[in-house]
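Report on one structure; see the data block that follows.
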Amino acid sequence: MLQALYLVIIIAITQSYVHSAKAKAFDFPAISGKENNVITIYSVTDVDIFQGTIADFQELFPDISIVYHDLQSLELYERIQDETLNSDVTADIAISSAMDLQMKLANDGFAQRVEISTAQDMPSWSQWRNEVFGFTSEPAVTIYNKEYFKDQPLPKTRLEMQRFLAERPSDLFGRIATYDIERSGVGFLFMGVDSERYKGIWNLIKTFGANGVKLSTSSTAIINNVNSGKYVIGYNVLGSYALARLDSSPNLGILYPEDYTTVLSRLAIIPKAAKSKEAGKLFLEYLLSERGQQLLTTSAKLNAVHPGIKSSGPEEILAAQARSNLQPIKVGPGLLVYLDQVKRRKTINQWNKSLRGE
């Protein structure tokens, strides 16, 4: 009965984790030409972001081939379940930024415990019961157009932003953007955290609505439009994507909110029905190693969780500015609250009312 109820809840949120028309699989043959093992990865991280990490892993293990399945969040979640229950074989490792769905897979028994030697150096908030492992540290940032703010102060906290937007500058209408929380899983997660951490969040959303906020499911679209000047502010944008664009986007500015900065982690699990637990474990060991964490930071622009890894270039300056204000989303059963349909509907109703100024 309980499982059926959860199924209803998951079906109800499919708009947040939109299916891709067709899953994409990418083959990375063993670079030695002498394949002795294959690792199957299910992931929601774009392959072009992750391929540098895969290449470095294969430098260490040249006889291993990798099949990388690029999926949407809900697609990954359902595929792990379906394959476990129907064929008893699934991916060797599953990686997703949908923290709530990854946690639910583990909570429902679709992940297995593994002893990962490199995990001992990681912060306690990034792991749960040797089943769920956070391996990135990705802030929700405010992005802004440098040209627009060159002659006026940039609002650095949520209260400052609310006051700035309440003045309703004539040239601001229709030029602020954020995620559409009804269709973006990460957007809903960030807003759910905001509603818990900042008592004035709905007043801020009211000023968004009064200024004709643009809603999007795409980080890339928001970043492009802020850099071009079509938009001048983007709120709660996933920082890893914005950081990756700094070098090629001269008008893009990034701000870690000074009151607090929410931090998301991509979570990895070894599925209970993994074809090769040891293969998945090997790749996870690498992701959590200092070498793997460094590659994630420099190549993929996905900030490391490992406390010994420091960013370089503009990222280092930004990270230093934010360090005292970072508030990671803790990995654990508390994430399941964001899948509760009653809470979800309440949050969305309040979101829509606030956008209308009610």
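The values are calculated or read from the model by the stated rules, or taken from the named source; none is laboratory data. Keep in mind that what you see is a predicted model, and the values were worked out from it rather than measured. Virtual Cβ from ideal backbone geometry, glycine too; neighbours counted across all protein chains shown.
List the pairs whose first member sits in region 91-112 and is within 22 Å of Ile39 (Cα to Cα), whose second member is of a type in the set (Asp, Glu), and whose Cβ atoms are under 6 Å apart, counting only residues at least 6 apart or on separate chains?
The qualifying pairs are Ala106/Glu131; Ala111/Glu131.
Please find, among Phe50, Phe26, the residue that is buried (at least 17 other Cβ atoms within 10 Å of the Cβ) and in the same structural domain as Lys275 (by TED's automatic domain parsing).
Phe50
Before we move on, is Ser32 modelled with pLDDT of 90 or more, among the polar types (S, T, N, Q) and outside any strand (DSSP E or B)? Even if it seems obvious, please write down each step before you answer.
On the way: modelled with pLDDT of 90 or more: yes; among the polar types (S, T, N, Q): yes; outside any strand (DSSP E or B): yes.
Answer is yes for this residue.
Tell me the residue from Leu154, Leu165, Leu159, Leu85 that is farther than 16 Å from Leu288 by Cβ and surrounded by 21 or more Cβ atoms within 10 Å (Cβ to Cβ), please. Can you show your working first?
Values: Leu154 fails: surrounded by 21 or more Cβ atoms within 10 Å (Cβ to Cβ); Leu159 fails: surrounded by 21 or more Cβ atoms within 10 Å (Cβ to Cβ); Leu85 fails: surrounded by 21 or more Cβ atoms within 10 Å (Cβ to Cβ).
Of the residues listed, the single one that is farther than 16 Å from Leu288 by Cβ and surrounded by 21 or more Cβ atoms within 10 Å (Cβ to Cβ) is Leu165.
Residues that are in contact with a strand residue (DSSP E or B) (Cβ under 9 Å, 6 or more places away or on another chain) and of a type in the set (D, E, K, R): does region 105-127 have at least one?
Looking for residues that are in contact with a strand residue (DSSP E or B) (Cβ under 9 Å, 6 or more places away or on another chain) and of a type in the set (D, E, K, R), one finds none in region 105-127, hence no.
May I ask you to list the residues in region 188-207 that are touching a Ser or Thr at 6+ places or on another chain (Cβ under 7 Å) and surrounded by 18 or more Cβ atoms within 10 Å (Cβ to Cβ)?
Residues satisfying the conditions are Phe188, Phe190, Met191, Gly192, Val193, Ile201, Ile205, Lys206.
Output yes when any residue across region 88-102 is acidic (Asp, Glu), at pLDDT 90 or above and touching a Leu at 6+ places or on another chain (Cβ under 8 Å), and no when none is.
Yes, region 88-102 contains a residue that is acidic (Asp, Glu), at pLDDT 90 or above and touching a Leu at 6+ places or on another chain (Cβ under 8 Å).
Tell me which of these Leu302 doesn't satisfy, since it passes every other one: (1) crowded, with 21+ Cβ neighbours inside 10 Å; (2) in contact with a strand residue (DSSP E or B) (Cβ under 7 Å, 6 or more places away or on another chain); (3) outside the structural domain of Arg129 (by TED's automatic domain parsing).
The one condition Leu302 does not meet is (3).
For region 181-207, how many residues meet the condition of being more than 14 Å from Val237 (Cβ to Cβ) and acidic (Asp, Glu)?
2
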